[in-house]
Amino acid sequence: PEMLRDTPEYDAAVKMNDDLTSAGFRFIYAGRNDTLSEVDRSERRDAFLSELDRLDAALKVQQQQQQRLETTSASSDGGDRMHFRLGADFTAADAIMIPALERWRIQLPLAVEVDILEGRPALTKWFEAVDSYAPYSERVMGDEYSWTATNSVFLRIFGGGEDEPEVAAAIRRADDAAARLTESFAAKAAEEREGDDDDDDDGTRKKFSREAAYKLVSNREAVIADCTREDPKSQRHLGRASDVDAADVALRIVVGVLLSEGDPIARARESTLPDVENAKDGASAARTVAARLCVPRDMGAPAASILRA
């Protein structure tokens with residue numbers, strides 16, 4: 001599809017996103033500005049929510065127009081259509097909206113207790129469209145765990161630290177949410193592959209499994225150093241392994257499972273691990289790698305889901 005468009009609709013969408021982004025960052029960073037009064041902070045919050053409502057209203061109009069067009073179109077087959085910013089096709093207008101909205105959808109409920117989707121069905125439908133768009137969701141989308149885990153990192157470094165009661169509460173919310181997601185890695189991956197039994201889906205899973213294996217092998221030394229580091233620079237609350245050799249063996253086992261035939265998650269559950277020295281430290285290294293893996297910095301979301309599980 002044509003990404004850039006020379007139309008009034010495209011220009012208006014870009015301008016609206018500029019307004020939303022500006023209002024969003026003015027609200028988010030208001031807490032770090034000691035010169036602002038509570039009234040100032042409240043006004044910035046209201047302005048941000050108002051811009052979200054304006055976007056939702058614009059998306060609703062677009063989606064209604066698209067539905068009417070499809071209803072009257074002789075070529076319409078009645079199937080589900082994607083509701084992007086300007087219609088059925090993904091454009092640059094969607095691309096420029098994604099970075100901030102993707103982050104806000106996950107981080108703002110934890111950081112400032114604002115759910116950008118609450119009461120905004122048209123914005124929710126837009127997210128459903130972009131989440132199902134493979135060039136985005138399989139390659140450059142940041143996943144829920146990565147944005148949740150980095151939230152507490154950002155708050156610790158840039159938010160004023162845990163000495164501030166509100167910041168400390170936000171850090172706890174983020175850390176607790178990240179811990180819950182960590183515990184559900186295997187279940188989530190199993191849920192994602194439910195019903196995917198045809199050859200195309202098997203081939204797709206193999207592609208993502210190989211991507212994960214390639215990333216581990218090509219970055220082996222850095223991954224082992226990170227999961228056994230004595231003085232971690234970030235996510236210090238995560239445990240680190242101490243035995244480099246045990247970590248190496250654990251990651252070699254994981255790569256072998258990823259490259260094996262069949263479902264790697266089922267294979268991992270059924271496999272008997274070799275009796276290696278300090279196996280508990282190897283398991284600790286594997287858990288650390290799963291918790292430290294960041295999407296899309298390290299790999300795409302589907303590959304990361306398989307590797308973590």
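What is the magnitude of the charge dipole of the chain about its Cα centre, with +1 placed on the Cβ of each Lys and Arg, -1 on the Cβ of each Asp and Glu, and no other charges, expressed in debye to the nearest 20?
The dipole magnitude comes to about 560 debye.
Note the angle between two axes, namely the Cα long axis of helix 8-28 and the longest principal axis of the Cα atoms of the chain, as a number of degrees from 0 to 90, rounded to the nearest 10.
Once rounded, one gets 60 degrees.
State the extension gain, in nm to one decimal, for the chain segment bounded by THR35 and ALA225, taking 0.36 nm per residue of separation less the distance between their alpha-carbons.
So the extension gain works out to 64.1 nm.
About its Cα centre, how strong a charge dipole does the stretch 219-303 have in debye, to the nearest 20, once Lys and Arg get +1 and Asp and Glu get -1 at the Cβ?
It comes to approximately 420 debye.
Can you tell me the relative contact order of the stretch 29-127? Whole percent, Cα pairs under 8 Å, sequence separation 6 or more.
28 percent
Between Rg and the Kirkwood Rh of the stretch 68-167, both from Cα atoms, what is the Rg to Rh ratio?
So for the stretch 68-167, dividing Rg by the Kirkwood Rh gives 1.11.
Which angle from 0 to 90°, rounded to the nearest 10, does the C-alpha axis of helix 165-183 make with the longest principal axis of the chain?
60 degrees
At most 16 other Cβ atoms within 10 Å plus a DSSP loop assignment makes a site exposed; report the longest stretch of the chain without any exposed GluC sites (Glu not before Pro).
Longest gap between qualifying sites, sites excluded: 3-112.
Using only DSSP helix segments of four residues or longer, with each worth -39500 (n - 2.57), what per-residue ellipticity at 222 nm results for the chain after dividing by its residue count and rounding to 500?
-21500 deg cm²/dmol
Any idea what the dipole of the stretch 1-154 comes to, in debye rounded to 20, about its Cα centre with Lys/Arg Cβ at +1 and Asp/Glu Cβ at -1?
Magnitude of the dipole: close to 140 debye.
Suppose R0 equals 41 Å; then what is the FRET efficiency for SER242 and TYR133 from their Cβ-Cβ distance, rounded to the nearest 0.05?
Working from the Cβ atoms, E equals 0.45.
Quick check: residue separation of ARG54 and GLU113 times 0.36 nm, minus the Cα distance between them. What number comes out in nm?
19.2 nm is the gain from fully extending ARG54 to GLU113.
When only C-alpha pairs under 8 Å and at least 6 residues apart count, what is the relative contact order of the chain, in percent?
17 percent
Against the longest principal axis of the chain, how steep is helix 121-131, in degrees 0 to 90 to the nearest 10, with axes from Cα atoms?
Around 40 degrees separate the two axes.
At what distance in nm do the modelled label points of ALA169 and ARG267 sit from each other, each positioned 7 Å from its Cα along Cα→Cβ?
Each label point lies 7 Å from its Cα, and together they span 4.8 nm.
Per residue, how much accessible surface does the chain expose to a 1.4 Å probe? Answer in Å², no decimals.
56 Å²
Using a 1.4 Å probe on the protein chains only, how many percent of the accessible area of the stretch 15-135 belongs to carbon and sulfur?
50 percent
The values are calculated or read from the model by the stated rules, or taken from the named source; none is laboratory data. Just so we're clear, the structure is a prediction, and the values are computed from it rather than from any experiment. Glycine also receives a Cβ, built like all others from the backbone with ideal geometry; neighbour counts cover every protein chain displayed. Accessible surface is based on the protein model in full, side chains and every heavy atom, while ligands, DNA and RNA are left aside. Shrake-Rupley method; radii C 1.70, N 1.55, O 1.52, S 1.80 Å.
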